[in-house]
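Engineer: Okay, here's the structure, questions in a sec.
All of the numbers you see were taken from the coordinates with simple rules; none came from a lab. In this text, all values refer to a predicted model and were calculated from it rather than measured experimentally. All Cβ positions, glycine included, derive from the backbone under ideal geometry; neighbour counts span all protein chains shown.
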Amino acid sequence: MTGRDMPSRDVPGSDVTRRGDEIALSIQRLRADLDDLGGSSVRIVAVAKGFPWSDVRAALANGVSIIGENYAQEILLKYGSVPVDERPAVHFIGRLQSNKIPQLIPFVSTWQTVDRDRLVSEIARRAPGSEIMIQVNFTGEADKGGCDPVDLELLVTRARQHDLVVAGLMVVGPTSGDRNLTRRVFTEASRRRVDLGLVELSMGMSSDIDLAVEAGSTMVRVGSLVFGSRPPKD
């Protein structure tokens, strides 16, 4: 993502107010839906890919405590001029490249997409004691990130040996959206999380929140349900 792809932080005041009201209402509706599903304790990871800092700030003002970001360059552009004490808890949820880690350390509080030993080693070397989540590919889709489930226990062990805090697992449902398959994937992810004694399970997006909550997700990663449609690129 280039600077040209980033929405401007300079938004007219009236538009900021209107957007803030829209985001507040969206979060209220999402929270009510989660409560109805039995997910009153499930945390919202507001996926801010493509949305400006003013939108992020509105989400934070309305009870969202975790912001999910996918791209290294967007994080640097969006939060680089935000004072340190005003920066949100940013969870990195995109494909992670080891060479981007040094730049992102000042901005990322949790690395959700750790799926190989090289990332474990690099995060441990650059930011000892960091909180991570292990992304697991339970669907077997070649184009998805995540470690093979058979390698999961070893990767968790390696991360702990490097003194990283393994908070939990991160899972993406099947691309097909098949609900029966999604339910099986989410159920297996929940079982493995319990077996490994982990706390968090980041699982469920806009289309499958109900199945994720049913299976025991502790975090759902949603963008449109908080911010609406992603703004067009310039």
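Engineer: Report D for the range 109-181 in µm² per second (integer): Stokes-Einstein, Kirkwood Rh on Cα pairs, 37 °C, 0.692 mPa s.
Structural biologist: 261 µm²/s
Engineer: Taking the Cα centre of the chain as origin, sum charge times position over the Cβ atoms of Lys and Arg (+1) and Asp and Glu (-1), and report the length of that vector in debye to the nearest 20.
Structural biologist: So the dipole magnitude of the chain works out to roughly 340 debye.
Engineer: Separate question: Give me D for the range 29-114 in µm² s⁻¹, whole number, from Stokes-Einstein with Rh from the Kirkwood sum over alpha-carbon pairs, 37 °C and 0.692 mPa s.
Structural biologist: Result for D is 240 µm²/s.
Engineer: Follow-up. Can you tell me the alpha carbon radius of gyration of the range 31-78 divided by the globular rule-of-thumb value 2.2 N^0.38 Å? Mind showing how you got there, number by number?
Structural biologist: Numbers: Rg = 12.5 Å, N = 48, 2.2 N^0.38 = 9.6 Å.
Cα-based Rg divided by the globular estimate yields 1.30.
Engineer: In percent, how large is the relative contact order of the range 150-234, given Cα pairs closer than 8 Å and 6 or more residues apart? Walk me through the intermediate numbers first.
Structural biologist: Details: 95 pairs, mean separation 20.7, N = 85.
Relative contact order here is 24 percent.
Engineer: For the range 58-158, take N as its residue count and report Rg(C-alpha) divided by 2.2 N^0.38 Å.
Structural biologist: 1.13
Engineer: Mean-square fluctuation check for the chain, GNM, Cα pairs under 10 Å: which of 16, 213, 42 is largest?
Structural biologist: 16
Engineer: Say the dipole of the chain comes from +1 at the beta carbon of Lys and Arg and -1 at that of Asp and Glu; which of 186, 169, 154 then lies farthest toward its positive end?
Structural biologist: 154
Engineer: Of the residues 70, 62, 180, which exhibits the maximal mean-square fluctuation in a Gaussian network model of the chain defined by a 10 Å Cα contact cut-off?
Structural biologist: Comparing 70, 62, 180 in a Gaussian network model of the chain, the most mobile one is 180.
Engineer: Normalised by the number of residues in the chain, what is the relative contact order in percent for Cα pairs under 8 Å and 6+ residues apart?
Structural biologist: 21 percent
Engineer: What translational D, rounded to a whole number of µm²/s, comes out for the range 109-234 from Stokes-Einstein when the hydrodynamic radius is the Kirkwood one over Cα pairs, at 10 °C and 1.306 mPa s?
Structural biologist: In µm²/s, the coefficient rounds to 105.
Engineer: For the range 103-199, run through the GluC sites (Glu not before Pro) and keep only the ones in DSSP coil with at most 15 other Cβ atoms within 10 Å of their Cβ.
Structural biologist: Those satisfying the criteria are 141.
Engineer: Here's a follow-up. Enumerate the amide H contacts of residue 43 below 5 Å, restricted to partners 5 or more residues apart or on another chain; note that Pro and chain-start residues carry no placed amide H.
Structural biologist: Distant-sequence amide H within range of residue 43: 219, 220.
Engineer: A further question on this structure: When the scattering of the chain is computed by the Debye formula from its Cα atoms alone, each counted once and equally, what is log10 I(q)/I(0) at q = 0.10, 0.12 Å⁻¹?
Structural biologist: Result of the Debye calculation: -0.45, -0.66.
Engineer: Antiparallel as a % of all DSSP beta bridges within the range 12-226, to the nearest 5?
Structural biologist: 0 percent
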